[in-house]
Amino acid sequence: METVTSKDGTTIAFDRMGQGPPVVLVCGGSVDRMANAGVAQHLAADFSVLNYDRRGRGDSGDTLPYAIEREVEDIEAVIDAAGGSACLWGSSSGAVLALIAAESGVPVTKLALWEPPFVPEELPRPPKDQVSQYETMIAEGRRGDAVEYFMTKIIGMPAEVVAGARTQPWWAATEGLAHTLAYDARIMGDYTIPTDRASSVKVPTIVIAGGADFPWMRQTAQALADALPDGTVRFLEGQGHDVDPAVLAPVLKEFFNA
């Protein structure tokens, strides 16, 4: 494990593996960098991969108050540690953060996004007050309730499935990240595709989706790719939101090496 200091003094931890052109990995909501370990291992044969913990997760610090701009600075600090520029890959809400970073001028050479969870206009959207809901529950020490809210209200899991999840050994680790749910909710905003922001992203970008869990993610992936000046879309048959790294990695390698 290595660390780098972000602009506001926050320590950001990352693993570096492999040799070659640098690629930085951005994880999604309710997970830390371990969620990207499989992708990192598959890419390490061709690239120097920096897989970092977003602030508030794993081995990274969490200077308050939170702001999306601080997370963008974190990415820039990791890219600086990679050599000053890098390809950037983001998963789920981490893909949206990666998009924001690229639009903000962070030195990204190519951008790859896995299933950014924007919601089509015709579908119901997550509650508008989810940030305040999370912050209230965290302030009251109800971390488990915050995770349950995320799983039921945002992901749409049945209550009985979540009740079973609360008995699993991994639940405690998920509760430990519960305070970051409000961070990702801020990043997602109203879950509308940010066409204005996308139109300002000039670097080559690939939007990848499977759609096995949420079929509408193919629709929004295509719409986002269409809004990007240099965007393409790729669909991975049979892949759900928790994508198989062995299926995803060849697509990333092809794109980053092109």
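The values are calculated or read from the model by the stated rules, or taken from the named source; none is laboratory data. Bear in mind the structure is a predicted one, so any value in this text is a computation, not a measurement. A quick note on method: Cβ atoms are made from the backbone with ideal geometry, for glycine too, and the neighbour counts reach across all protein chains shown.
Points worth noting:
- Applying the criterion of being in contact (Cβ under 8 Å) with a residue 60 or more places away in the chain and of a type in the set (A, V, I, L, M) to the residues of region 1-18, the residue that is surrounded by the most Cβ atoms within 10 Å (Cβ to Cβ) is 12.
Residue-wise test of (1) modelled with pLDDT under 95; (2) closer than 20 Å to residue 100 by Cβ; (3) of a type outside the set (S, T, N, Q); (4) touching a Phe, Trp or Tyr at 6+ places or on another chain (Cβ under 7 Å).
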{"residue": "189", "(1), (2), (3), (4)": "no, yes, yes, no"}
{"residue": "196", "(1), (2), (3), (4)": "yes, yes, yes, no"}
{"residue": "212", "(1), (2), (3), (4)": "no, no, yes, no"}
{"residue": "227", "(1), (2), (3), (4)": "no, yes, yes, no"}
{"residue": "235", "(1), (2), (3), (4)": "no, no, yes, no"}
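- Residues in region 92-108 that are hydroxyl-bearing (Ser, Thr, Tyr) and more than 15 Å from residue 220 (Cβ to Cβ): 104 alone.
- Count of residues meeting criterion [in a helix (DSSP H, G or I) and without any contact (Cβ under 8 Å) to a residue 24 or more places away in the chain] in region 70-113: 0
- Any hit, region 231-244, residues being basic (Lys, Arg) and more than 17 Å from the chain's Cα centre (by Cα): yes
- Selection of region 216-238 for residues being under 16 Å from residue 251 (Cβ atoms) and part of a loop (DSSP other than H, G, I, E, B) yields 236, 237, 238.
- Applying the criterion of being touching a strand residue (DSSP E or B) at 6+ places or on another chain (Cβ under 9 Å) and surrounded by 15 or more Cβ atoms within 10 Å (Cβ to Cβ) to the residues of region 224-234, the residue that is nearest to residue 193 (Cα to Cα) is 224.
- Answer residue from region 239-258, given it is out of contact with any helix residue (DSSP H, G or I) (no Cβ under 7 Å at 6 or more places or on another chain) and part of a loop (DSSP other than H, G, I, E, B) and is surrounded by the most Cβ atoms within 10 Å (Cβ to Cβ) among those: 243
- Residue 91 fulfils the conditions (1) buried (at least 24 other Cβ atoms within 10 Å of the Cβ); (2) closer than 20 Å to residue 10 by Cβ; (3) of a type in the set (S, T, N, Q) except for a single criterion, (2).
- Verdict on residue 165 being touching a Phe, Trp or Tyr at 6+ places or on another chain (Cβ under 8 Å), outside the structural domain of residue 247 (by TED's automatic domain parsing), farther than 21 Å from residue 26 by Cβ and at pLDDT 95 or above: no
- For residue 21: the one exception among (1) of a type outside the set (Phe, Trp, Tyr); (2) within 22 Å of residue 146 (Cβ to Cβ); (3) surrounded by fewer than 24 Cβ atoms within 10 Å (Cβ to Cβ): (2)
- All positions within region 182-200 that are among the small types (Gly, Ala, Ser) and surrounded by fewer than 19 Cβ atoms within 10 Å (Cβ to Cβ): 189, 199, 200
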